[in-house]
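Take a look at the structure below.
The values are calculated or read from the model by the stated rules, or taken from the named source; none is laboratory data. What you see is a predicted model; the values in this text were computed from it and never measured. Cβ placement follows ideal geometry from the backbone for every residue including glycine, while neighbour counts extend to all protein chains displayed. Side chains are part of the model used for accessible areas, which takes the heavy atoms of the whole protein and leaves out ligands, DNA and RNA. Shrake-Rupley method; radii C 1.70, N 1.55, O 1.52, S 1.80 Å.
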Amino acid sequence: MRIKWEYGELTLKWFGDGTSSGSWSDASGQLMEINPLLRLVHMNQLGAEGWEVASVETDSWTQTIQSPEWSQFPEPPQVHKGRSVIYTLKRPVEP
């Protein structure tokens, strides 16, 4: 007997300015905003609902923002950094 799985994705992002964001998307495509600082609470809740981690991806980025050329008072370039963690979770689908 083959097990059928449904998948969901928990995405957490941290930005260089100290802000963060998070979201949970299940197999139905519903998107729910979550607080990344409470990620363990969310993961424990998902575990209690039968979800398990299938994979983890991490990413980091740097973005440089320059003042427009037409700016009368150009400022030095601003460097923004960020980091994200994406958890793919799965749980068996009952036949």
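Considering all projection directions equally, how large on average is the shadow of the alpha-carbon convex hull of region 1-40, in square nanometres?
Working: hull surface 15.5 nm².
Mean orientational projected area (region 1-40, Cα hull): 3.9 nm².
Would you list which aspartates and glutamates come within 20 Å of Lys4, measuring only between C-alpha atoms, while excluding same-chain residues fewer than 8 positions from it?
Lys4 reaches Asp26, Glu49, Glu52, Glu94.
Give the whole-number value, in cubic angstrom per residue, of the convex hull volume spanned by the C-alpha atoms of the chain. Intermediate results must be reported in sequence, preceding the final value.
On the way: hull volume 11.9 nm³, N = 95.
Once divided by residue count, the hull of the chain is 125 Å³.
Give me the distance in nm between label points sitting 7 Å out from Cα along the Cα-to-Cβ direction at Ala48 and Ile86, one decimal.
Here the modelled spin labels are 2.9 nm apart.
Using the Cα centre of the chain as origin and beta-carbon charges of +1 (Lys, Arg) and -1 (Asp, Glu), tell me which of Gln63, Val79, His42 is placed farthest towards the positive end of the dipole.
Result: His42.
Could you work out how far apart the two model spin labels at Asp59 and Trp5 are, taking each label as a point 7 Å from the Cα in the direction of the beta carbon, and quote it in nm?
Between Asp59 and Trp5, the label points sit 2.1 nm apart.
Accessible area per residue of the chain at 1.4 Å probe, in Å²?
Ligands and nucleic acids excluded, the result is 77 Å² per residue.
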